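Trainee: Once you've had a glance at the structure underneath, I'll fire off some questions.
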């Protein structure tokens, strides 16, 4: 498109269609955040659980949670800022994904805070998995990526089961939930992103 | 029957229509994105973006990123209305032909 010239009505529609098709990239995600948080939560859950089971209820492994979640928070923030700078276009789907993630963050904060104060860890983790599951299912819909939605459903089911599980056996439940909901879909998303970028 | 002359002259231009078509689909886009997708020269695109801004159809935000100038464009509600009206008029014109 170098200089202005008279365009016909059909050319007008063709221009519109052509430009719209160029924006229909869908929302692409490289899976980084799913893998980051998936592995951090998986490791925290297992580091907490294993010493507890092998060393007569030793809770030293519980320190993994504040340490690993803090690392996740810092890395996520840095990554988010850098990624934001690289984006040339912000789509409505991106905005939906951000808002959904924000809602999940608020949900997690509320669940942990009030869970610690008023109930047991299995109940808290059960609700956490319900929150994870909702976020994964919605993200999967926005990204049009079915494995994330399957992971979401797995989290819902495990979350419901966790309410009936005695402490500390909710920990391997949550490890499995993030494996199915974050880690496996995260690797699949990463592979899809690489394939589309090639 | 609507004639061509009734189509919005601001939108009835190859590059301006292309820019509006891109912006109607996204929340906002940088100048470099618009340039890449329209394959226009920077100078020509800049002129057309200015015309759209003067018509009130887009907002243009100038800022800096890593000390480089950054221009971000987004369609206004007036721009969305004008675009939809243009498309309706176009479709009516084509169907009646």
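Trainee: Residue under question is residue B:56, and the condition is that it be in a loop (DSSP other than H, G, I, E, B) and more than 10 Å from chain A (Cβ to nearest Cβ); does it hold? It would help to see each step written out before you state the result.
Mentor: Details: in a loop (DSSP other than H, G, I, E, B): yes; more than 10 Å from chain A (Cβ to nearest Cβ): yes.
Here the answer is yes, as residue B:56 does meet what is asked.
Trainee: Do you know which of the residues in the stretch B:1-39 that are farther than 21 Å from residue A:10 by Cβ and not in a helix (DSSP H, G or I) is modelled with the lowest pLDDT? Show your work before the answer.
Mentor: Our first condition is that a residue be farther than 21 Å from residue A:10 by Cβ; within the stretch B:1-39, this holds for B:23, B:26-36.
If we keep only those that are not in a helix (DSSP H, G or I) too, we end up with B:26-30.
On the way: B:26: 91, B:27: 88, B:28: 92, B:29: 94, B:30: 95.
Only one residue fits best here, namely B:27.
Trainee: Return yes or no: is residue A:28 on the phi < 0 side of the Ramachandran plot, surrounded by fewer than 17 Cβ atoms within 10 Å (Cβ to Cβ), touching a residue at least 24 places away in the same chain (Cβ under 8 Å) and outside any helix (DSSP H, G or I)?
Mentor: yes
Trainee: State whether the residues of the stretch A:37-52 include one that is farther than 30 Å from residue B:43 by Cβ, modelled with pLDDT under 85 and either away from chain B (no Cβ under 14 Å) or not in a helix (DSSP H, G or I) (or both). Write out each step before concluding.
Mentor: The initial filter retains those residues of the stretch A:37-52 that are farther than 30 Å from residue B:43 by Cβ, namely A:37-52.
Now restrict to residues that are modelled with pLDDT under 85: none.
Among the residues of the stretch A:37-52, not one is farther than 30 Å from residue B:43 by Cβ, modelled with pLDDT under 85 and either away from chain B (no Cβ under 14 Å) or not in a helix (DSSP H, G or I) (or both), which makes the answer no.
Trainee: Looking at (1) under 13 Å from the mean Cα position of the chain (by Cα); (2) more than 30 Å from residue B:68 (Cβ to Cβ); (3) free of Cβ contacts under 8 Å to residues at least 12 places away in the same chain, which is the only condition residue A:136 fails?
Mentor: The one condition residue A:136 does not meet is (3).
Listed here are the residues, each with its yes/no results for (1) touching a residue at least 24 places away in the same chain (Cβ under 8 Å); (2) within 21 Å of residue A:62 (Cβ to Cβ); (3) more than 14 Å from the chain's Cα centre (by Cα).
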| site | (1), (2), (3) |
| --- | --- |
| A:145 | yes, no, no |
| A:152 | yes, no, no |
| A:167 | yes, yes, yes |
| A:173 | yes, yes, yes |
| A:177 | yes, yes, no |
| A:195 | no, no, yes |
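Trainee: Oh, and also: Restricting the search to the stretch B:40-53, which residues are in a helix (DSSP H, G or I), under 19 Å from residue B:83 (Cβ atoms) and touching a residue at least 24 places away in the same chain (Cβ under 8 Å)? Even if it seems obvious, please write down each step before you answer.
Mentor: Pass one, the stretch B:40-53, residues in a helix (DSSP H, G or I): B:42-53.
This time we only want the ones that are under 19 Å from residue B:83 (Cβ atoms), so: B:45, B:48-53.
If the condition is that a residue be in a helix (DSSP H, G or I), under 19 Å from residue B:83 (Cβ atoms) and touching a residue at least 24 places away in the same chain (Cβ under 8 Å), then B:45, B:48, B:49, B:51, B:52 are the ones that fit.
Trainee: Please state which of the following conditions residue A:56 fails to meet, knowing it meets all the rest: (1) away from every other protein chain (no Cβ under 14 Å); (2) in contact with a helix residue (DSSP H, G or I) (Cβ under 9 Å, 6 or more places away or on another chain).
Mentor: Single failed check for residue A:56: (2).
Trainee: Being within 11 Å of chain A (Cβ to nearest Cβ), out of contact with any strand residue (DSSP E or B) (no Cβ under 6 Å at 6 or more places or on another chain), over 16 Å from residue A:23 (Cβ atoms) and surrounded by fewer than 20 Cβ atoms within 10 Å (Cβ to Cβ) is the requirement here; does residue B:96 meet it? Let's see the steps before the verdict.
Mentor: On the way: within 11 Å of chain A (Cβ to nearest Cβ): yes; out of contact with any strand residue (DSSP E or B) (no Cβ under 6 Å at 6 or more places or on another chain): yes; over 16 Å from residue A:23 (Cβ atoms): yes; surrounded by fewer than 20 Cβ atoms within 10 Å (Cβ to Cβ): yes.
Considered against the rule, which asks whether it is within 11 Å of chain A (Cβ to nearest Cβ), out of contact with any strand residue (DSSP E or B) (no Cβ under 6 Å at 6 or more places or on another chain), over 16 Å from residue A:23 (Cβ atoms) and surrounded by fewer than 20 Cβ atoms within 10 Å (Cβ to Cβ), residue B:96 comes out as yes.
Trainee: Another question about this same structure. Quick test of your reading of the structure: residue B:20 fulfils all but one of (1) more than 9 Å from chain A (Cβ to nearest Cβ); (2) in contact (Cβ under 8 Å) with a residue 60 or more places away in the chain; (3) closer than 28 Å to residue A:83 by Cβ. Name the failing condition by number.
Mentor: Result: residue B:20 fails condition (1) only.
Trainee: For residue A:19, state whether it is surrounded by 17 or more Cβ atoms within 10 Å (Cβ to Cβ) and within 14 Å of chain B (Cβ to nearest Cβ).
Mentor: Details: surrounded by 17 or more Cβ atoms within 10 Å (Cβ to Cβ): yes; within 14 Å of chain B (Cβ to nearest Cβ): yes.
It is true that residue A:19 is surrounded by 17 or more Cβ atoms within 10 Å (Cβ to Cβ) and within 14 Å of chain B (Cβ to nearest Cβ).
Trainee: Could you please find all residues in the stretch B:59-86 being assigned to a helix (DSSP H, G or I) and either exposed (fewer than 13 other Cβ atoms within 10 Å of the Cβ) or in contact with a helix residue (DSSP H, G or I) (Cβ under 7 Å, 6 or more places away or on another chain) (or both)? Full working, then the answer.
Mentor: If we filter the stretch B:59-86 for residues that are assigned to a helix (DSSP H, G or I), which is where we start, we get B:77-86.
Result: B:77, B:78, B:79, B:80, B:81, B:83, B:84.
Trainee: Could you look through the stretch B:35-44, keep only residues that are within 9 Å of another protein chain (Cβ to nearest Cβ) and touching a helix residue (DSSP H, G or I) at 6+ places or on another chain (Cβ under 6 Å), and pick out the one that is surrounded by the fewest Cβ atoms within 10 Å (Cβ to Cβ)? So that I can check it myself, show each step before the final result.
Mentor: Keep residues of the stretch B:35-44 that are within 9 Å of another protein chain (Cβ to nearest Cβ), which gives B:36-41, B:44.
Now restrict to residues that are touching a helix residue (DSSP H, G or I) at 6+ places or on another chain (Cβ under 6 Å): B:37-38, B:40.
Numbers: B:37: 19, B:38: 24, B:40: 21.
That would be B:37.
The values are calculated or read from the model by the stated rules, or taken from the named source; none is laboratory data. Since this is a predicted model, take the numbers as computed values, not measurements. Cβ coordinates were reconstructed from backbone atoms using ideal geometry, including for glycine residues, and neighbour counts include every protein chain displayed.
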